[in-house]
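J.: One structure is given below, represented as structure tokens, and several questions about it will come after.
The values are calculated or read from the model by the stated rules, or taken from the named source; none is laboratory data. Predicted, not measured: the structure shown is a model, and the values here were computed from it. Because the Cβ atoms are built from the backbone with ideal geometry, glycine has one as well, and the counts that use them run over all protein chains shown.
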Amino acid sequence: MKQLVVAERYCLIGHLVAMAFGLAGLLIVMPHPEFLAHVPGGQTMFAWSMAGGGVVYILLGAIAVAIHAYRTLGLTGLLTFLVPAVGISLTSELLGTSTGFPFGNYSYLSGLGYKIAGLVPFTIPLSWFYLGLSSYLLARVILGGNGANPGGFGGFFRQVGAIALGALLLTSWDFVLDPAMSQTAMPFWYWHQPGAFFGMPYQNFAGWFGTGFVFMTVAALFWRKRPPQLQPAQLNFPLVVYLGNFVFAMVMSLAAGIWIPVLLGIALGVAPAVICWSVARSSQPTEVPVVVTEATTDALKARVATASVGVSAK
């Protein structure tokens, strides 16, 4: 288990570093290519970053979250979220890129890896998985009964509320991600019919919320008999994943002068995620340490001896 913790930590660090490296390439090197002349091997590193940097950061994020889920939820808990998340999101993406439903008319460009059926990069459903699971685990803290199995009418609505909040956190990330990845200097996808919201159609957000809601619902149904029970400290990881990916998209959007989606994402995504994490931390029981000194030990021995004498006298 220790090896898994180490692997999880290194993958998470690599995930965050890869995003930071990508930001440096997009925001510093691309506008100022002369910068590479002062960096040994700069041209090679930049070419590699542009060709495979997006793939690396998504793969590392997916691996890190998968290891964390395996450690905290078990193999069954991991697979019953991973399979629906990847399968349903890939189905939505294939429909979206071929029919326009449920997101709108768009196509993926290069930079995110091999395209399934020539339409959707294989990394895209992996990003749905790792951000979706992070969002849902945070949402369950308040509404889903973290570790509990609420039944009855009220319990049903709490579970639905947790799924809705998890889907909202996931969609709020896209408020910031989509402009950053489609409207900036180096886009990774483009809209055939630009929408009214910073080039995105409002339909896109309905598609995001609906897709997340469906695969989180499937996972919740699998988890209903044995709901996951995470300790408050174990929620640090999904929060870091969520905030790290949000900051990546936020920096790119702000660099392009796009700030309204950022404010919306902070209000509907970052703030609720941090509140969920704070609620989990505040619910952690406070342990009062018991300090056993030599004097305490002697006193206990004396009491035991006295009690033994009293019993013998009787």
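J.: Which pairs have Cβ atoms under 7 Å, sit 6 or more apart or on different chains, and link a residue in the range 110-134 that is small (Gly, Ala, Ser) to one that is modelled with pLDDT under 95 and surrounded by fewer than 24 Cβ atoms within 10 Å (Cβ to Cβ)?
T.: GLY111/MET50; GLY111/GLY54; GLY111/PHE188; GLY113/VAL55
J.: List, please: which pairs have Cβ atoms under 8 Å, are six or more places apart or on different chains, and start with a residue in the range 155-169 that is within 14 Å of LEU221 (Cα to Cα) and end with one that is polar (S, T, N, Q)?
T.: As it stands, the answer is GLY155/ASN149; ILE163/THR217, since those pairs meet every condition given.
J.: Same structure, new question: Go through GLY14, GLY54, GLY87 for me and flag whichever is under 18 Å from the mean Cα position of the chain (by Cα) and modelled with pLDDT under 90.
T.: The match here is GLY54.
J.: Which residues, counting only those in the range 178-208, are in a loop (DSSP other than H, G, I, E, B) and in contact (Cβ under 8 Å) with a residue 12 or more places away in the chain?
T.: GLN183, THR184, ALA185, MET186, PRO187, PHE188, HIS192, GLN193, PHE198, PRO201
J.: If you don't mind, there's one more thing I want to ask. Specify which of the listed residues (LEU230, LEU243, LEU239, LEU268) is under 16 Å from the mean Cα position of the chain (by Cα) and not in a helix (DSSP H, G or I).
T.: That would be LEU230, the only listed residue that is under 16 Å from the mean Cα position of the chain (by Cα) and not in a helix (DSSP H, G or I).
J.: For the condition buried (at least 22 other Cβ atoms within 10 Å of the Cβ) and farther than 28 Å from LEU78 by Cβ, what is the one hit in MET186, MET200?
T.: MET200
J.: Further question on the same structure: Does VAL214 satisfy the condition of being more than 21 Å from LEU16 (Cβ to Cβ) and surrounded by fewer than 19 Cβ atoms within 10 Å (Cβ to Cβ)?
T.: So VAL214 fits the description; yes.
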